[in-house]
Amino acid sequence: MKDTYRHQGLRQQLVEVVRAKGIEDEKVLKAIGKVPRHLFMDSGFLDHAYQDKAFPIAADQTISQPYTVAFQTELLEVKPGDKILEIGTGSGYQTAILCELGCRVFSIERQNELFKKTSKFLPKLGYRAKKLIFGDGYIGLKEEAPFKGIIVTAGAPFVPKALLAQLEIGGRLVIPVGDNVQTMTLFIRKGPKDFEKHEFGDFRFVPLLEDKN
Ligand code: SAH
């Protein structure tokens, strides 16, 4: 598991690409510049690791495009110490970005293979999520609610009610909503039954699946 000057150089170029696409939050850009994305992908894909592209990982899933990770993270507006729930741990790259930003991260993954792999891998890099969970993101994590932020990293055909219910007042849910193409959507909880909704254009994610296998 090596992170060389070459990797670091490529990563700084990636930061500039993501910045040029419109990401302004310096803390988010700094996190993209720190997390060694090449180590989250199978070896042999170094040439792809620092391109701004999604890429296949195990179990037919993908590591999200860095721009998309940055965009969602920027919308979450996190501060150190914030309690954040992630749905779709996958490679753990987004989890690592949130750890880098000082968040207390809970993350749920429904594919056992990925759950096991990422649970072993993240601590090796020094990224300690509060808890990684093998389970169904549609139901969230009631026992740890409320959350300051919830980030869904798979395309949701609809907005799961449980996730809105598990936000604290003032909390933010960032979720791509749609079937083939998803609209990036932000909900801000203004009161017990009061949610503000904002939409931010189209993205493409692997689907948020309903049944556990
Ligand atoms: N955040 C990841 C993105 C992985 S792709 C990364 O940075 O690499 C989306 C992930 O969501 C996949 O790993 C997929 O298995 C997972 N997923 C799909 N449906 C889910 C569900 N209902 N609950 C939890 N995870 C789910």
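The values are calculated or read from the model by the stated rules, or taken from the named source; none is laboratory data. Just so it is clear, the structure is predicted and the values come from calculations on it, not from any experiment. Because the Cβ atoms are built from the backbone with ideal geometry, glycine has one as well, and the counts that use them run over all protein chains shown. Heavy atoms of the whole protein, side chains included, go into the accessibility calculation; ligands, DNA and RNA do not. Shrake-Rupley method; radii C 1.70, N 1.55, O 1.52, S 1.80 Å.
Quick look at the numbers
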{"item": "Inter-residue pairs, beta-carbon under 9 Å, first in a helix (DSSP H, G or I) and near the ligand (Cβ under 6 Å from one of its atoms) and in segment 84-100, second modelled with pLDDT of 95 or more and open to solvent by 10 Å² or more (accessible area, probe 1.4 Å), 6+ apart", "result": "Q94/G88; Q94/T153"}
{"item": "Residue under evaluation A58, criteria (1) more than 13 Å from the chain's Cα centre (by Cα); (2) in a loop (DSSP other than H, G, I, E, B); (3) more than 19 Å from E109 (Cα to Cα), criterion not met", "result": "(3)"}
{"item": "Within segment 127-176, tally of residues that are over 26 Å from F40 (Cα atoms), open to solvent by 40 Å² or more (accessible area, probe 1.4 Å) and assigned to a strand (DSSP E or B)", "result": "3"}
{"item": "Residue match in segment 60-83 (condition: open to solvent by less than 30 Å² (accessible area, probe 1.4 Å), among the charged types (D, E, K, R) and under 16 Å from L173 (Cα atoms))", "result": "yes"}
{"item": "Breaking point among (1) of a type in the set (D, E, K, R); (2) in contact with a Lys or Arg (Cβ under 6 Å, 6 or more places away or on another chain); (3) over 15 Å from T73 (Cα atoms), for K148", "result": "(3)"}
{"item": "Failed criterion for L114 (all others in (1) open to solvent by less than 10 Å² (accessible area, probe 1.4 Å); (2) in a helix (DSSP H, G or I); (3) in contact with a helix residue (DSSP H, G or I) (Cβ under 9 Å, 6 or more places away or on another chain) hold)", "result": "(3)"}
{"item": "Residues satisfying the stated conditions in segment 101-115, i.e. within 6 Å of the ligand (Cβ to nearest atom) and farther than 17 Å from L141 by Cα", "result": "L114"}
{"item": "Residue among V17, V69, V28 that is modelled with pLDDT of 95 or more, more than 22 Å from G149 (Cβ to Cβ) and assigned to a helix (DSSP H, G or I)", "result": "V17"}
{"item": "Residue in segment 87-102 that is under 14 Å from the mean Cα position of the chain (by Cα), surrounded by fewer than 18 Cβ atoms within 10 Å (Cβ to Cβ) and among the acidic types (D, E) present", "result": "no"}
{"item": "Set V15, V28: member being in contact (Cβ under 8 Å) with a residue 12 or more places away in the chain, closer than 30 Å to E196 by Cβ and open to solvent by less than 40 Å² (accessible area, probe 1.4 Å)", "result": "V28"}
{"item": "Candidates D202, D179, D211 - the one that is open to solvent by 20 Å² or more (accessible area, probe 1.4 Å) and not in a loop (DSSP other than H, G, I, E, B)", "result": "D202"}
